Amino acid sequence: MALALAAAMLPLHAVWPGAAAMAGEAPSQEVFDAAYNLGRSSFSSNCASCHGANGEGDAGPSLVGNALLAKVNVVTETIIHGYSYMPPFGDVLTDAQVAAIATYIRNSWGNEYGFVSPEDAEAAR
Ligand code: HEC
């Protein structure tokens, strides 16, 4: 009986992680880490000159505890289209790079605003 029950539960268990990874759900730790690490190097070469190596701000505003970062579309649209003195990066960064940088700045220096997907970046173009 216990064996039959365990066998019956196997398919359910196998399906569960797939369901949790559907659009809108939190990504796996691997996906998050890959985006975060790509975002860190891309931020350093494209953004740190104005926003500081640690997001502390310089010519651009500080990104540390910056409440504007809570809104995914504000972050993706600002990176892709620029804003005022900030140049647009839509032509030099892929959706994956925009999403990675957005994920990095939203989850560094004490920020805890969550993951941004390449689909979020694509939607801002
Ligand atoms: C040439 C300098 C410069 C560079 C390079 C730059 N920014 Fe900016 N950024 C600014 C300025 C200035 C603002 C404020 C715009 C305004 O409000 O007039 C800004 C605003 C922002 C904002 C909105 C937050 C706020 O308080 O206005 C975000 C998010 C942001 N930048 C992220 C980035 C990212 C990510 C990169 C790299 C892909 C980047 N910036 C590159 C200058 C820059």
Contact order normalised by residue count of region 28-123, Cα under 8 Å, 6+ apart, percent: 31 percent
Low-density loop cleavage sites - trypsin sites (Lys or Arg not before Pro) in region 28-119, where at most 16 other Cβ are within 10 Å (DSSP): K71
Least to most buried among T78, T103, T94 (fewest other Cβ within 10 Å first): T94, T78, T103
Residue order, fewest to most beta carbons within 10 Å, for S42, S84: S84, S42
In order through region 112-122: 3J(HN,Hα) via Karplus (6.51 cos²θ - 1.76 cosθ + 1.60), integer Hz, x for Gly, Pro: 9, 9, x, 6, 10, 9, x, 5, 4, 5, 4
Taking H51, H81 and counting other C-beta atoms within 10 Å, the order from fewest to most: H81, H51
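What translational D, rounded to a whole number of µm²/s, comes out for region 28-123 from Stokes-Einstein when the hydrodynamic radius is the Kirkwood one over Cα pairs, at 20 °C and 1.002 mPa s? Working shown, then result.
Working: Rh = 12.9 Å.
So the translational diffusion coefficient is about 166 µm²/s.
Since every read-out is calculated from the coordinates, none of them should be taken as a lab result. This one's a predicted model, so the numbers in the text were calculated from it and none came from an experiment. In this analysis, Cβ positions are derived from the backbone assuming ideal geometry, glycine residues included, and neighbour counts consider all displayed protein chains.
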